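Heads up: the structure comes next, in structure tokens.
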Amino acid sequence: MVKTPEAPTSIAAAIDALDDRLSQRFIALDPNGYFLIKVDSEAGELVLEHFGNTIDEKGLARDSDTGEVLSCKKGSNGPRAASAVYRGRSAKEIGIQLTEGDGPHPLSRLDHALYLGRELQKAEQCLKEGRVYVQD
């Protein structure tokens, strides 16, 4: 019996369902901080802002300066200032900035590095195609 390949839409749907399921798992936060990824279309660059944090005994991310629990919404003191900003024309260029050289490096967890690589690739594709990028 010859196996026929699935239609691309069913493969895409299966991959999307798997990705959605995997996104529901517990993820430990990186004690070195978190990143916000943006696309600067005018400059033709990806922008990666790094924000430091402290992880408490409950696994919550807190502002290292104020101790305030960090939320996805703007904090009571307004937007936080990035501790570092990385700019590059490609995901690879920023990845090299984050991981090569003497350091210190802003990543301490492999799962965080993999997530960033995936998101930077998506942002790069949006930059190339002139589409809006929204970080997952």
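Considering 103, 44, the condition of being touching a residue at least 24 places away in the same chain (Cβ under 8 Å) and on the phi > 0 side of the Ramachandran plot is satisfied by 44 alone.
One residue stands out in region 24-35 among those that are exposed (fewer than 15 other Cβ atoms within 10 Å of the Cβ) and in contact (Cβ under 8 Å) with a residue 12 or more places away in the chain: the one that is nearest to residue 58 (Cα to Cα), namely 28.
Note on region 121-134: residues that are surrounded by 13 or more Cβ atoms within 10 Å (Cβ to Cβ) and touching a residue at least 60 places away in the same chain (Cβ under 8 Å) total 5.
Among the criteria (1) within 21 Å of residue 32 (Cα to Cα); (2) assigned to a helix (DSSP H, G or I); (3) in contact with a Leu (Cβ under 7 Å, 6 or more places away or on another chain); (4) aliphatic (A, V, I, L, M), the one residue 123 does not fulfil is (1).
Got a sec? Which of 35, 51 is within 22 Å of residue 19 (Cα to Cα) and among the aromatic types (Phe, Trp, Tyr)? Result: 35 is the single residue among 35, 51 that is within 22 Å of residue 19 (Cα to Cα) and among the aromatic types (Phe, Trp, Tyr).
Read the figures in this text as sums done on the coordinates, not as results from a lab. Just so you know, these numbers come straight off a predicted model, no measurement behind them. Neighbour counts run over all protein chains shown; Cβ positions are idealised from the backbone, glycine included.
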